[in-house]
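*Asks:* Here's a structure for you.
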Amino acid sequence: MIRIKTLSLPLISALMASAVTSADAAVGLSLNSQKTYRQNKKSIDFKGGTFAIRLADGYVSTIGFCNDPNYFPPGAYINICSPGTSGFLSSGRIGGATIQRPYLVVTGLAPALVVAPKEASRAQLVAAPASTLPRPSGGFTDDSAAVYYNLHTTDIREYGITNYYLTRNYPQNQRRKFESDIVPGAYRYSFPRLANPEMPAVITAVIYPMAEGLATKNNQKVGFQFTQVNNDVWHKEGFIELSYSQPNKIRWSGITPQVSFASVDQLYFSLRALSNPQNPNNSDLVRSSAIFPAFQTGNDAATRILLANPFVKQFITPPVLPSGTRAMVELELERNFQTGGVTYDFSTRRFQIPVMVIDRYTEWVDIYLGDTKKKKKKDILADPDKDGYNNLTEWILGSSGSDAGSVPPTIRVGEFQAVDIFGLPDQFSSWIGFNVNIKRKTVPRVKYLLQRSKDQGKTWQPFVGLPADFYVVDNDWTVEKVTTTTRGITSTQIEVRSIHTIPQADWLTATNIYMVPPGTESHLYRVKVSLKK
């Protein structure tokens, strides 16, 4: 038998070192396993994952904005494209560049030096640790490209850029298969050698252990789990409760030095919106923004909090979310590990638990009446500070039950000036009226009654109850219950709007065409809160 000596990893590294500096070297083999686990009241479920392999040899960086179907010389544009077209994509694709827009402004280029492009059928796994993963096995997809460079000189050459990738998908019913296929250890891959594709270039990559969701192994429970979310109260709708008025302590276990490495792993915390808040067990998450932290939208890096190290075991969220908010607590463990000279591990684990913000009267009592020893003063219908508002009203409308100077805010009819996208007054979207915020998910449940006084507060009559959809009152006002969702947070308001317009108003120049209904200028309004039976 004739044995062919394969090109091993050390030789690939040596070839790279002899051809380019380390700053320009672009060959790399990355292994990437992605898994998501979601916890509910009874279990921790595997929600699916992927195992991806990618081989890259060479790269081209461009200014994507300048990709063009036609050649243009230097100075043709007075912008970032002023350097002019210096590259031509002859095959494949690079970022946003395709053969339909093949002319490129190249900012960096390193051609393939070791692995031949356009030979995906020769790429395969040849050896792996003991597992159910087939070997040898191929199935790689070719994503290679070729670029002519530099079009501004007489030294124009075609440069090959090699890219092969393979992704194995594991749906939520295949956790056991995923774990039996992909195990820690050394994985040896063979790729076609540049200038001699029949001779393999072999690269060995190592997979190290990583935290997984809780499971029973050898009669012991091991792995990640959320161990505490406040008082561990599960709502009947499938969410665990967060407090509206007090800090929320979220604790977990299972990320240890045996399955995580502080030098290469990072742990992130966030509260994500659900695409279907009615189905916390199966809903996808909205990743373009976060419910917490909520100061920025964008990619993952902008919408999550980096914890001090991967072994942090708890996070405390401040009480900043409206009651009724439904979200997914998510911990993301990300690995950025150079496991060898040209091998990398970019794996991720996501651990999730659905939460709902609940506003409990008992927690309001702890804050505002905690020092009160008489139980009667803590009764929900009591008025311990003698300000004319019982505890129920002060709780729902946001004032203190122990301070007579703290009372629910007065409802005032006012003018809202809308503006358009250019910051100019929008008279058609402006209005005269007021809003009343409705708290969602309170314990106990409450109901609202909007009242009006025509005699400066001496007597009060119902203005309108909480509407199911839309009312018109006295041909003066519209009253509508409006529910909106912004950045994953759902809110409900009673919107009261005047339907009277200013007589003979110039609708083209007026900033607001509405006015207070005649005869109602001295009317007062308030919200009456009562317990829902």
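The values are calculated or read from the model by the stated rules, or taken from the named source; none is laboratory data. A quick note: this is a predicted structure, and the numbers were derived from the prediction, not measured. Using ideal geometry, Cβ is built from the backbone for each residue, glycine included, and neighbour counts are taken over all protein chains shown.
*Asks:* Counting only residues that are among the charged types (D, E, K, R) and touching a Ser or Thr at 6+ places or on another chain (Cβ under 9 Å), which one in the stretch 474-529 is surrounded by the most Cβ atoms within 10 Å (Cβ to Cβ)?
*Replies:* Taking the stretch 474-529 first, the residues among the charged types (D, E, K, R) are 474, 476, 480-481, 487, 495, 497, 506, 521, 526, 528.
Adding the requirement that they be touching a Ser or Thr at 6+ places or on another chain (Cβ under 9 Å) leaves 474, 476, 481, 487, 495, 497, 526, 528.
Values: 474: 11, 476: 17, 481: 17, 487: 13, 495: 16, 497: 16, 526: 19, 528: 14.
Checking each candidate, the answer is 526.
*Asks:* For the stretch 116-136, which positions are charged (D, E, K, R) and either free of Cβ contacts under 8 Å to residues at least 24 places away in the same chain or in a loop (DSSP other than H, G, I, E, B) (or both)? First the steps, then the outcome.
*Replies:* If we filter the stretch 116-136 for residues that are charged (D, E, K, R), which is where we start, we get 118-119, 122, 135.
If the condition is that a residue be charged (D, E, K, R) and either free of Cβ contacts under 8 Å to residues at least 24 places away in the same chain or in a loop (DSSP other than H, G, I, E, B) (or both), then 118, 119, 135 are the ones that fit.
*Asks:* So, in the stretch 220-242, how many residues would count as being outside any loop (DSSP other than H, G, I, E, B), polar (S, T, N, Q) and touching a strand residue (DSSP E or B) at 6+ places or on another chain (Cβ under 7 Å)? Don't jump to the end; show me each part of the working.
*Replies:* We begin by selecting, within the stretch 220-242, every residue outside any loop (DSSP other than H, G, I, E, B); these are 220-222, 224-229, 234, 240-242.
From what is left, the residues that are polar (S, T, N, Q) are 220, 225, 227-228.
In the following step, the residues that additionally are touching a strand residue (DSSP E or B) at 6+ places or on another chain (Cβ under 7 Å) were identified as 225, 227-228.
Residues that pass the stated criteria total 3.
*Asks:* Among all residue pairs at least 6 apart or on different chains, which show Cβ distances below 8 Å where the first residue, located in the stretch 418-442, is at positive phi and the second is of a type in the set (A, V, I, L, M, F, W, C)?
*Replies:* Listed by first residue and then by second, the contacts come to 433/413; 433/416; 433/477; 433/496; 441/356; 441/357; 441/358.
*Asks:* Also, quick follow-up: Being within 17 Å of residue 71 (Cα to Cα) and buried (at least 19 other Cβ atoms within 10 Å of the Cβ) is the filter here; which residues of the stretch 147-175 pass it?
*Replies:* Of everything in the stretch 147-175, those that are within 17 Å of residue 71 (Cα to Cα) and buried (at least 19 other Cβ atoms within 10 Å of the Cβ) turn out to be 147, 149.
A quick yes/no check of all residues on (1) more than 22 Å from residue 153 (Cα to Cα); (2) at pLDDT 95 or above; (3) surrounded by fewer than 20 Cβ atoms within 10 Å (Cβ to Cβ); (4) in contact with a strand residue (DSSP E or B) (Cβ under 7 Å, 6 or more places away or on another chain):
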{"residue": "8", "(1), (2), (3), (4)": "yes, no, yes, yes"}
{"residue": "24", "(1), (2), (3), (4)": "no, no, yes, yes"}
{"residue": "45", "(1), (2), (3), (4)": "yes, yes, yes, yes"}
{"residue": "48", "(1), (2), (3), (4)": "yes, yes, yes, yes"}
{"residue": "51", "(1), (2), (3), (4)": "yes, yes, no, yes"}
{"residue": "56", "(1), (2), (3), (4)": "yes, yes, no, yes"}
{"residue": "61", "(1), (2), (3), (4)": "no, no, yes, yes"}
{"residue": "67", "(1), (2), (3), (4)": "no, no, no, yes"}
{"residue": "89", "(1), (2), (3), (4)": "no, yes, no, yes"}
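*Asks:* With the structure loaded, tell me whether residue 493 is modelled with pLDDT under 95 and either farther than 30 Å from residue 382 by Cα or assigned to a strand (DSSP E or B) (or both) or whether it fails that test.
*Replies:* yes
*Asks:* Separate question: Condition (residue is over 36 Å from the mean Cα position of the chain (by Cα) and part of a strand (DSSP E or B)) applied to the stretch 480-487: is it met by at least one residue? Walk me through it before giving the result.
*Replies:* Initially, the stretch 480-487 is screened for residues over 36 Å from the mean Cα position of the chain (by Cα), giving none.
No, the stretch 480-487 has no match at all.
*Asks:* Please go through the stretch 261-288 and pick out each residue that is within 20 Å of residue 32 (Cβ to Cβ), within 10 Å of the chain's Cα centre (by Cα) and in a loop (DSSP other than H, G, I, E, B).
*Replies:* Across the stretch 261-288, the qualifying residue is only 287.
*Asks:* Ok, one more. Within the stretch 372-417, can you find the residues that are outside any loop (DSSP other than H, G, I, E, B), within 27 Å of residue 494 (Cβ to Cβ) and not β-branched (Val, Ile, Thr)? Full working, then the answer.
*Replies:* Filtering the stretch 372-417 for residues outside any loop (DSSP other than H, G, I, E, B) gives 375-378, 391-397, 411, 414-416.
Those still in the list that are within 27 Å of residue 494 (Cβ to Cβ) too: 391-397, 411, 414-416.
391, 392, 394, 395, 397, 414, 415, 416 - these are the residues of the stretch 372-417 that are outside any loop (DSSP other than H, G, I, E, B), within 27 Å of residue 494 (Cβ to Cβ) and not β-branched (Val, Ile, Thr).
*Asks:* So which of 519, 433, 457 is modelled with pLDDT of 90 or more, under 30 Å from residue 364 (Cβ atoms), in a loop (DSSP other than H, G, I, E, B) and outside the structural domain of residue 303 (by TED's automatic domain parsing)?
*Replies:* 457
*Asks:* From 185, 139, which residue is touching a Lys or Arg at 6+ places or on another chain (Cβ under 9 Å), at positive phi and either in contact (Cβ under 8 Å) with a residue 24 or more places away in the chain or loosely packed, with under 15 Cβ neighbours inside 10 Å (or both)?
*Replies:* 139
*Asks:* Tell me which residues, restricted to the stretch 66-115, are of a type in the set (A, V, I, L, M, F, W, C), in a loop (DSSP other than H, G, I, E, B) and more than 15 Å from residue 149 (Cβ to Cβ).
*Replies:* Answer for the stretch 66-115, where residues must be of a type in the set (A, V, I, L, M, F, W, C), in a loop (DSSP other than H, G, I, E, B) and more than 15 Å from residue 149 (Cβ to Cβ): 72, 76, 78, 80, 81, 99, 113, 114.
To keep it simple, each residue is scored yes or no on (1) more than 36 Å from the chain's Cα centre (by Cα); (2) within 30 Å of residue 46 (Cβ to Cβ); (3) modelled with pLDDT of 95 or more.
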site	(1), (2), (3)
78	yes, no, no
94	no, no, no
128	no, yes, yes
132	no, yes, yes
149	yes, no, yes
154	yes, no, no
171	no, yes, yes
176	no, yes, yes
179	no, yes, yes
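*Asks:* Scan (1) more than 30 Å from residue 514 (Cα to Cα); (2) among the hydrophobic types (A, V, I, L, M, F, W, C); (3) over 37 Å from the mean Cα position of the chain (by Cα) for the single condition residue 392 breaks and write down its number.
*Replies:* Of the numbered conditions (1) more than 30 Å from residue 514 (Cα to Cα); (2) among the hydrophobic types (A, V, I, L, M, F, W, C); (3) over 37 Å from the mean Cα position of the chain (by Cα), the odd one out for residue 392 is (3).
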